[in-house]
Each structure stands twice: as C-alpha cells, then as structure tokens.
Amino acid sequence: MIRWFIIFLFNSVIAFGQVTDELVKVNVPDVSVQVGEQSVISVSVEVKDRYHIQANAIKEEFIIPTTLEINGGEEFIIKNQVFPSAKQFKLEGTDLYLDVFDGRFEIQTFFITQKNTQTKVHHVDGKLNYQACDSVRCLFPRTIEFSIYVDVR
Amino acid sequence: MKSILKNLAFTFSVMFSMPLHAQGVQPMLGQSAPPFALNALNGKAYSLEQLKGNYIVIHFATTWCPFCNAEAPNLEKLYKEYREKGVEVFIVDVNENKELVEKSFSRFNFSFPILLDADGKISASYAPEGVQPDLERKEVPIASNLIIDKEGKIRFYSLLNTTAFDAKLTQLKQKLDELIETGK
C-alpha cells in the first residue's frame, strides 16, 4: 500500500514537471519541437527564501558556480544557455562581492533536433548543480536531478 | 502583574526561538574541545593532545566557501602576529580531497598547517548540539572560528553570521589578547 502511494506521489511530481529538494525547486514545462528545428527548454528555478546560490559566472576560481546539465544524447544538440543577470551579495566586513542568484529565475537552454530524430516524446535528463548559503550557513554543493519531456513532431 | 508575566513569557519565547548566531551567544564555551588527530597537507600529524599548552585557533573551511576564502588572508596575518605568543593556527578542511585543497589554498601561502578532515568526522564532532538540526552535522561548523585554551577547553566559538561577518577576526583577537594577558 505504502509502495503504491510513493509511486503515485513520484508520478505526480513528474507529471507537473517539478522537482524539489530542501533548498531549490525546479519547474520544467514539457517542450514541443519539429524534427530538425530549434527549440528552447526553459527551466524555472526557485531558491528557498533567505538563501542564495552562487551564480553561473563567478569571479573566483574555487567558488562553485550554478550549472545546468542537459543530456541531449544523440537526438538533440545542445546549443547555448542563457542565465539571468547575477545579483551582488556583499561579504560584510570586506570589499568583496559575490555574484549570486536568489528567489525565482529562469535558465534557457537552446537545442536543435537531429534530422533523423524519431517523432515521439523523448525523455531527457537534467541536473542542476548549485552551492547555497544563507546568513548563517554555507552548505555543501548539491545536485537536483529532473526529467524533461520533449515531444518531437 | 499579569501583563508583566505575559511580556516576560513573550520575551523568553522569542529569545529561545532565535538561533544562537542571532543572539551572539557562543556555543560550547568552557567545554573540553573534542579530540582530534589529523594529517596536515604536508603529511605531518597533529593532535589536540600534543598541542596542549598552546592556544589553538581553528578555522573550519572548504575550498568553495566564500566566507572562508575572504577570511583566509587575515588568518595568516593573525598567525604571524601571535605565533610568538604561543598561538597555533590551523585550518581544518572539511570533507574534500587533498589535491583540491592543496591547489586551492596554495594561493594564500599559509605558513600554518592545513589539516585534512577528509570524512568530516572531526567537523561533525564540533557541531554544537541542537544548532541547525536540519543540517548534516559536518556542515554546521563550516566557516566557524574557535579558540581552544592551553588546557584544551573551548574559549571562543563564532559560528558563521554573514550579517555581522568578522572577516578581520577582530573579536577573536580580542579574546586571544584577553587569554594571553590573563595566562588562562
């Protein structure tokens, strides 16, 4: 009984294209695209209130940037990604600023389908890697995994 | 009278629901520091037991922690300023591999040892009970600073508080001066 309930819950999350961990919520709408055409996957990210995550483009080498990995396999060629502008977070007591994201934002990933891509709904794996801090703690880097459904017509 | 009691109850409930950081209250003060025996980047072994008789400053860090990196140059300054006064400084790197730690911290040219807490167990043992119970225990002390006195007791413990971030270690130095002056 419990097992069926867990399966139901899991399927519910997948159906709405939303995956969450304790700090970040990822929303991924289904995508439609014509064979051989370009389209975009818009991943909506929501960072828990009072937290920030490091931005994708960072000034310091060892800070862990936010990255979005999308495994297009052989069917999809991943092109460029567009992240929002970072916010500046001042490290109090220093002249240093961190580039961060907080609240809700969107990451766009442009892709092209191959000419021989099968017309069907494809299941594409995505991963959001991030490192979060709030005012009293910095947490180990985390990864949130999710699925994207790409309907190739 | 009733309203006084009501106000007192409210004040206490607010006080005890606030995190320790926000209150500026330091945890574990006066307690014996949890023992450790760790290897430094250069392979040398250090233990709390062998360091007794010195003042020990410990900073828990990771290579990716922005607050740790911001504080790093000031730790080196502190070491140079206080080493003649019997103060030993250590960074305890939490849960990272040696190669990464070596590569990352080489830019700071530290003249004090960097200890490797590869599985995070030592860091976890320094996590104050009840503080941030939702976190893995080894995550809690990251970016914290401690002073352990000559007898192995914790005399200063500042958990990360980014709204009052003391990158220049002013409060830690004040406490060190006080301890050195009184010989405690």
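The values are calculated or read from the model by the stated rules, or taken from the named source; none is laboratory data. These figures come from a predicted structure and were not determined experimentally. Quick reminder, even Gly has a Cβ in these numbers, built from the backbone with ideal geometry, and neighbours come from all protein chains shown. Ligands, DNA and RNA are excluded from the accessible area calculation, which covers all protein heavy atoms including side chains. Shrake-Rupley method; radii C 1.70, N 1.55, O 1.52, S 1.80 Å.
Below is a table of values for the structure above.
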{"item": "Residue in the range A:21-32 that is over 17 Å from the mean Cα position of the chain (by Cα), surrounded by 15 or more Cβ atoms within 10 Å (Cβ to Cβ) and part of a loop (DSSP other than H, G, I, E, B) present", "result": "no"}
{"item": "Hits in the range B:45-72 (condition: facing chain A (nearest Cβ under 10 Å) and either assigned to a helix (DSSP H, G or I) or open to solvent by 30 Å² or more (accessible area, probe 1.4 Å) (or both))", "result": "B:66, B:67, B:68, B:69, B:70, B:71"}
{"item": "Residue list for the range A:89-123, filter: at pLDDT below 95 and within 13 Å of another protein chain (Cβ to nearest Cβ)", "result": "A:89, A:90, A:91, A:92, A:93, A:94, A:95, A:96, A:97, A:98"}
{"item": "Where residue B:135 falls short, out of the listed (1) over 16 Å from the mean Cα position of the chain (by Cα); (2) within 20 Å of residue B:147 (Cβ to Cβ); (3) open to solvent by less than 30 Å² (accessible area, probe 1.4 Å); (4) at pLDDT below 95", "result": "(2)"}
{"item": "When residues of the range A:68-81 are limited to those that are open to solvent by 50 Å² or more (accessible area, probe 1.4 Å) and either farther than 20 Å from residue A:108 by Cβ or under 17 Å from the mean Cα position of the chain (by Cα) (or both), the one farthest from the other protein chains (Cβ to nearest Cβ)", "result": "A:74"}
{"item": "Residues (over 17 Å from residue A:91 (Cβ atoms), within 14 Å of chain B (Cβ to nearest Cβ) and either open to solvent by 50 Å² or more (accessible area, probe 1.4 Å) or not in a loop (DSSP other than H, G, I, E, B) (or both)) located in the range A:44-67", "result": "A:48, A:67"}
{"item": "Flag for residue B:92 being more than 14 Å from chain A (Cβ to nearest Cβ) and under 27 Å from residue A:54 (Cβ atoms)", "result": "yes"}
{"item": "Odd one out for residue A:149 among (1) closer than 26 Å to residue B:74 by Cβ; (2) under 18 Å from the mean Cα position of the chain (by Cα)", "result": "(1)"}
{"item": "Residues being aliphatic (A, V, I, L, M), more than 19 Å from residue B:77 (Cβ to Cβ) and open to solvent by less than 30 Å² (accessible area, probe 1.4 Å) - total across the range B:145-184", "result": "4"}
{"item": "Residue B:119 vs. criteria within 14 Å of chain A (Cβ to nearest Cβ), in a loop (DSSP other than H, G, I, E, B) and modelled with pLDDT of 95 or more", "result": "yes"}
{"item": "Residue ID - most open to solvent (accessible area, probe 1.4 Å), chosen from residues in the range A:82-101 that are in a loop (DSSP other than H, G, I, E, B) and of a type in the set (A, V, I, L, M, F, W, C)", "result": "A:96"}
{"item": "Residue within the range B:4-22 that is open to solvent by 70 Å² or more (accessible area, probe 1.4 Å), modelled with pLDDT under 95, under 20 Å from residue B:165 (Cα atoms) and out of contact with any strand residue (DSSP E or B) (no Cβ under 7 Å at 6 or more places or on another chain) present", "result": "yes"}
{"item": "Subset of the range A:124-150 (residues that are open to solvent by less than 40 Å² (accessible area, probe 1.4 Å) and away from chain B (no Cβ under 14 Å))", "result": "A:124, A:126, A:128, A:144, A:146, A:147, A:148, A:150"}
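Listed here are the residues, each with its yes/no results for (1) aliphatic (A, V, I, L, M); (2) assigned to a strand (DSSP E or B).
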{"residue": "B:84", "(1), (2)": "no, no"}
{"residue": "B:102", "(1), (2)": "no, no"}
{"residue": "B:127", "(1), (2)": "yes, no"}
{"residue": "B:131", "(1), (2)": "yes, no"}
{"residue": "B:147", "(1), (2)": "yes, yes"}
{"residue": "B:156", "(1), (2)": "no, yes"}
{"residue": "B:168", "(1), (2)": "no, no"}
{"residue": "B:177", "(1), (2)": "no, no"}
{"residue": "B:180", "(1), (2)": "yes, no"}
